[in-house]
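A.B. asks: The structure's right below; bear with me while I get my questions together.
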Amino acid sequence: MKFIWHGQEIEVEAEEGHTFLDIALIAKISPPYSCTEGHCGTCEAILDNGERVRTCQTIPRSDFHVIDYDKAQRN
Ligand code: FES
């Protein structure tokens, strides 16, 4: 999967059973987050150019996702 953050595209291997936030943290991407419980919205990103998701609560369905933090910050 690919994360977009601070203008960079970062390819990462999906870790089964982990949330997008967990995967980003394991890859040392340093994405935005706070509560990690789905309440604050700090971790929101745009998934596959479509829906806005809270990455701390969302588990990938495949290894081909694009998670765009930059686009979520602009909206
Ligand atoms: S970190 Fe607060 S909703 Fe995800």
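Rule-based calculations on the coordinates, nothing more; no lab input. What you are looking at is a predicted structure, and each value in this text was computed from that prediction instead of being measured. Ideal geometry is used to build each Cβ from the backbone, glycine not excepted, and the neighbour counts take in all protein chains shown.
A.B. asks: Exposure proxy check: THR36, THR55 ranked by fewest other beta carbons within 10 Å?
C.D. replies: By the 10 Å Cβ count, ascending, the order reads THR36, THR55.
A.B. asks: A follow-up question, please. How much length is gained if the chain between THR42 and ALA14 is pulled fully straight, taking 0.36 nm per residue apart and subtracting their Cα-Cα distance, in nm to one decimal?
C.D. replies: Extra length available between THR42 and ALA14 comes to 7.9 nm.
A.B. asks: Take PHE64, project a point 7 Å from its Cα along the Cβ direction, then tell me which residues of the stretch 1-38 have their backbone nitrogen under 14 Å from it.
C.D. replies: Answer for the stretch 1-38: 1-2.
A.B. asks: If you add up the charges near ILE26, with Lys and Arg at +1 and Asp and Glu at -1, over every other residue whose beta carbon is less than 13 angstrom from its beta carbon, what do you get?
C.D. replies: The answer is -3.
A.B. asks: Can I ask one more? Residue by residue through the stretch 10-22, which ³J(HN,Hα) values in whole Hz follow from phi under the Karplus form 6.51 cos²θ - 1.76 cosθ + 1.60 (θ = phi - 60°), with glycine and proline marked x?
C.D. replies: Using θ = phi - 60°, the values come out as 10, 7, 9, 6, 6, 9, 4, x, 9, 6, 4, 5, 4 Hz.
A.B. asks: First select every other residue whose beta carbon is under 10 angstrom from the beta carbon of CYS56; then total the charges, Lys and Arg +1, Asp and Glu -1.
C.D. replies: Within the 10 Å Cβ shell, the charges total -2.
A.B. asks: When Lys and Arg each count +1 and Asp and Glu each count -1, what net charge do the other residues less than 10 Å away from ILE10, Cβ to Cβ, add up to?
C.D. replies: Here the count lands on 0.
A.B. asks: Scaled to the compact-protein estimate 2.2 N^0.38 Å, what is the alpha-carbon radius of gyration of the chain, rounded to two decimal places?
C.D. replies: In units of the globular-protein estimate, the chain measures up at 0.95.
A.B. asks: Continuing with the same structure: Which chymotrypsin sites (Phe, Trp or Tyr not before Pro) in the chain pass both tests, a DSSP loop state and at most 15 other beta-carbon atoms within 10 Å?
C.D. replies: Loop-located and lightly packed - PHE64.
A.B. asks: If you average the sequence gap of Cα pairs under 8 Å that are 6 or more apart and divide by the length of the chain, what percent do you get for the contact order?
C.D. replies: Relative CO of the chain lands at 37 percent.
A.B. asks: Assuming R0 = 22 Å, what is the FRET efficiency of HIS6 and GLU51, from their Cβ-Cβ distance, to the nearest 0.05?
C.D. replies: Approximately 0.50, to the nearest 0.05.
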